[in-house]
Amino acid sequence: MRILHVIGALPVGGAEKALERLVMSSKDNGWNKACDHSVVSLSELGPIGEYLISKGISVYALNLKSIFDLPFAFIRLCGLIRSVKPDVIQTWMYHADIFGGLAANFNRLPVIWGIRNTDLRPGVSRFTFFIMKVSAVFSRYVPRKIVSVAESAKAIHVSYGYDLSKFVIIHNGYDVEKFEFDSVKRKRVRELLNVNDDVILIGSVGRFNPYKDHKTFIITAEQLVKKKNNLKFLMIGKGVDASNKYLSDLISSAGLEDFVVMLGEQLDLSDYYSAMDIFCLHSISEGFPNVLAEAMACSLPVVSTLVGDALHLVGDDELFSQPASPLILAEKIFRIVEMSRFERQELGARLRQRIIDKFSLRSMVASYEEVYKSILTQESHL
């Protein structure tokens with residue numbers, strides 16, 4: 001089956017990494033040869049696009065920069081569709097759903113939409129909210145199926161007017177051979193960060209965005225160092241670096257200059273998960289949080305805010321805090337800090353096993369292929 005994916009851009013993000021894993025399953029793993037994947041970015045290639053090209057995946061960039069480029073980008077996308085000759089077009093998130101969906105319909109091809117986020121209130125532009133509302137109307141006519149990464153994402157979009165009958169839930173899947181604890185990586189990264197082995201390193205991964213609520217993590221860190229001083233905090237994500245004045249000022253005001261390290265965006269996170277002792281997800285909104293699952297796969301104890309399908313992923317409500325509640329979050333993390341190293345390792349091993357049992361890459365790929373096959377079977381009967 002030839003599948004053409006259309007996405008707005010290809011930075012390092014949750015949706016983009018999920019697309020990468022799905023596409024690479026046909027290259028990296030001998031067990032999956034059912035699909036031939038190609039990718040179109042509406043804007044630039046981005047780091048994920050460049051990586052996919054280096055691995056032999058066909059990736060195209062339309063370089064869409066303004067509304068005035070829309071007609072030319074649409075014509076080019078239609079030309080790519082005729083050249084690639086896909087059996088199914090799969091789109092990822094609102095802008096691509098509308099743009100790619102209309103191009104698919106214009107070329108009389110079935111299209112699958114992708115829905116991921118669960119909350120549109122903080123940090124989203126009016127234009128994006130408008131596109132979402134337009135998509136809700138078009139959902140009755142354009143896509144054959146709408147794949148949601150989370151039950152919570154499905155529920156919120158149905159409440160906005162999306163067609164309930166089109167939804168299919170496919171949770172993210174993870175390559176547990178890529179994401180696993182590695183003592184060599186741990187030693188190397190901690191040496192680079194100048195973190196001694198007796199220091200408990202608490203990690204955070206997420207781009208700088210209101211949804212991610214980095215302020216809560218910093219306040220949480222401030223509370224924790226009052227109780228224990230052999231702690232350090234590692235923050236990774238696009239825009240999360242020393243040049244971010246907002247975060248730097250928060251860290252300075254909290255007196256955490258010697259406790260917090262900000263590394264910015266990192267392509268390969270598995271090294272850094274191995275270096276951590278505890279992982280914290282502090283968002284106020286998520287769909288199905290990739291970083292939480294990746295940390296679990298690397299045998300890390302985790303503490304999370306109660307957002308999206310995080311509880312379904314982790315399966316233990318004792319590891320959760322309400323969003324934007326740093327005092328409670330600090331309390332939950334401190335319980336793990338106070339565990340022995342053996343107890344933390346035991347908790348991490350249990351969480352890794354949950355990923356292996358319930359959220360494997362094989363399971364995700366098989367679910368997508370089932371959707372592709374069902375759509376093509378329907379096409380053959382039309």
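The values are calculated or read from the model by the stated rules, or taken from the named source; none is laboratory data. The model shown is predicted, which means the values in this text are computed figures rather than measured ones. Here the Cβ positions follow ideal geometry from the backbone for every residue, glycine too, while neighbour counts run over all protein chains shown. Ligands, DNA and RNA are stripped out before the accessible areas are found, and what is left, the full protein with its side chains, is counted by its heavy atoms. Shrake-Rupley method; radii C 1.70, N 1.55, O 1.52, S 1.80 Å.
Sorting 82-94, 285-297 by average packing, meaning the other beta carbons within 10 Å per residue, from highest down gives 285-297, 82-94. By a 1.4 Å probe calculation restricted to protein chains, ARG362 has an accessible surface near 140 Å², given to the nearest 10.
Residue-normalised convex hull volume from the C-alpha trace of region 177-270: 105 Å³ per residue. Close amide H partners of HIS5, meaning residues 5 or more places away or on another chain with modelled amide H under 5 Å apart, are SER38, VAL39, VAL40, GLN90. Calculated accessible area for the chain comes out at 44 Å² per residue, all protein chains present (probe 1.4 Å; ligands, DNA, RNA ignored). A simple charge model with +1 on the Cβ of Lys and Arg, -1 on the Cβ of Asp and Glu and nothing else charged puts the dipole of the chain at about 900 debye relative to its Cα centre. Determine the share of region 148-246's accessible area contributed by carbon and sulfur atoms, expressed in whole percent, with a 1.4 angstrom probe. Answer for region 148-246 is 53 percent, counting heavy atoms of protein chains only. The listed peptides 338-349, 233-244, ordered by packing as a protection proxy, come out as 233-244, 338-349 (highest mean of other Cβ atoms within 10 Å first). Compared with the alpha-carbon gap, the fully stretched path from ASN196 to PHE72 is longer by 39.1 nm at 0.36 nm per residue.
Starting from the Cα of LYS133, draw a straight line to each of the aspartates and glutamates and keep only those under 16 Å, dropping any in the same chain fewer than 8 residues away. Answer for LYS133, where 16 Å is the Cα cut-off: ASP97, ASP119, ASP163, listed by chain and number.
Positive end of the charge dipole of the chain (Lys, Arg +1 and Asp, Glu -1 on Cβ, about the Cα centre): tell me which of ILE251, PHE233, GLY14 has its Cα farthest that way. Looking along the dipole axis, the top candidate is GLY14.
The simple Förster model, with R0 at 51 Å and r as the Cβ-Cβ distance, assigns ASP249 and GLN345 a FRET efficiency of 0.90. Between the amide H of LEU64 and those of SER43, distances stay under 5 Å, these residues lying 5 or more places away or on another chain, with hydrogens modeled in the peptide plane. Per-residue 3J(HN,Hα) values for region 278-294, derived from phi via the Karplus relation 6.51 cos²θ - 1.76 cosθ + 1.60 with θ = phi - 60°, read 9, 10, 10, 9, 10, 5, 9, 7, 8, x, 10, x, 4, 5, 5, 5, 4 Hz in sequence order (x marks Gly and Pro). 3J(HN,Hα) along region 71-80: x, 5, 5, 5, 4, 5, 4, 4, x, 5 Hz, from the Karplus curve 6.51 cos²θ - 1.76 cosθ + 1.60 with θ = phi - 60°, whole Hz, x for Gly and Pro. Peptide packing for 251-259, 35-43 was compared via the average number of neighbouring C-beta atoms within 10 Å per residue; ordered from the highest value, the list is 35-43, 251-259.
Projecting each Cα onto the charge dipole of the chain (Lys/Arg +1, Asp/Glu -1 at the beta carbon, about the Cα centre), which of PHE342, GLN90, VAL189 comes out farthest on the positive side? In the chain, that residue is GLN90.
Taking label points 7 Å from Cα along the Cα-to-Cβ direction, ALA366 and ALA34 give a separation of 0.9 nm. Each residue of region 200-212 is assigned a 3J(HN,Hα), and the resulting list reads 8, 9, 9, x, 9, 10, x, 5, 6, 6, x, 4, 7 Hz, derived from the Karplus form 6.51 cos²θ - 1.76 cosθ + 1.60 (θ = phi - 60°), x at Gly and Pro. If the segment from HIS312 to ALA155 were pulled out straight at 0.36 nm per residue, it would be longer than the present Cα-Cα gap by 55.0 nm.
Distance between the modelled labels on ALA324 and SER58, one decimal in nanometres: 4.7 nm (7 Å Cα→Cβ projection). Counting only DSSP H runs of at least 4 residues, each contributing -39500 (n - 2.57), and dividing by the residue count of the chain, the helix-based mean residue ellipticity at 222 nm comes to -14500 deg cm²/dmol.
Placing dummy labels 7 Å off each Cα toward the beta-carbon, the span from SER125 to ARG188 is 3.9 nm. A straight Cα-to-Cα reach below 23 Å connects LYS55 with the lysines LYS17, LYS27, LYS33, LYS85, LYS178, residues fewer than 8 places away in its own chain not being considered.
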